[in-house]
1. In the set [x] 38, 29, 19; [y] 60, 33, 15; [z] 51, 22, 14, which value of Cα extents along the principal axes in Å was calculated from the structure you see?
2. Report, in deg cm²/dmol and to the nearest 500, the calculated mean residue ellipticity at 222 nm for the chain, where each DSSP H run with n ≥ 4 adds -39500 (n - 2.57) and the sum is divided by the residue count.
3. State the extension gain, in nm to one decimal, for the chain segment bounded by ALA59 and GLN42, taking 0.36 nm per residue of separation less the distance between their alpha-carbons.
4. Can you give the FRET efficiency for ILE70 and ALA33, using 1/(1 + (r/R0)^6), R0 = 30 Å, r = Cβ-Cβ distance, to the nearest 0.05?
5. Each residue of the stretch 20-33 in turn: what ³J(HN,Hα) in whole Hz from Karplus with 6.51, -1.76, 1.60 and θ = phi - 60°, glycine and Pro shown as x?
Amino acid sequence: MTVLTLKIPEYLNQELTQRHISIEFIQNFIIRALETWLNHDQWQVQFKNLLARVHSQTAIYSSAEIENDIRFAS
């Protein structure tokens, strides 16, 4: 495991303390943010695959039929 030292300015430290936010919470938040950022390409591939599945299932309907269904549902 690599150790990262984060220097938090005093004004932010005071704000975190006032809000009862722990250093462990901040650590986990940063790790999740990094994981999300690093997995961005994988997420995009999964999203494109999902859209392809939706489009393949809806391709049998015309735009007019879809619009009519939307209008009916409103």
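1. Answer label, from the structure shown: [y].
2. Working: 4 runs with 55 residues, N = 74.
Only helices count here, giving -24000 deg cm²/dmol.
3. On the way: separation 17, 0.36 × 17 = 6.12 nm, distance 2.56 nm.
Additional length available on full extension: 3.6 nm.
4. Values: r = 37 Å, r/R0 = 1.22.
With R0 = 30 Å, the Cβ-Cβ based efficiency is 0.25.
5. With coefficients 6.51, -1.76 and 1.60, one gets 6, 9, 7, 5, 4, 4, 4, 4, 5, 4, 5, 4, 5, 5 Hz.
Each reported figure results from applying straightforward, stated rules to the coordinates on display, with no laboratory input. Fair warning: this is a prediction, and the values are worked out from it, not measured in the lab. FYI the Cβ positions are ideal-geometry reconstructions off the backbone, even for glycines, and counts take in every protein chain you see.
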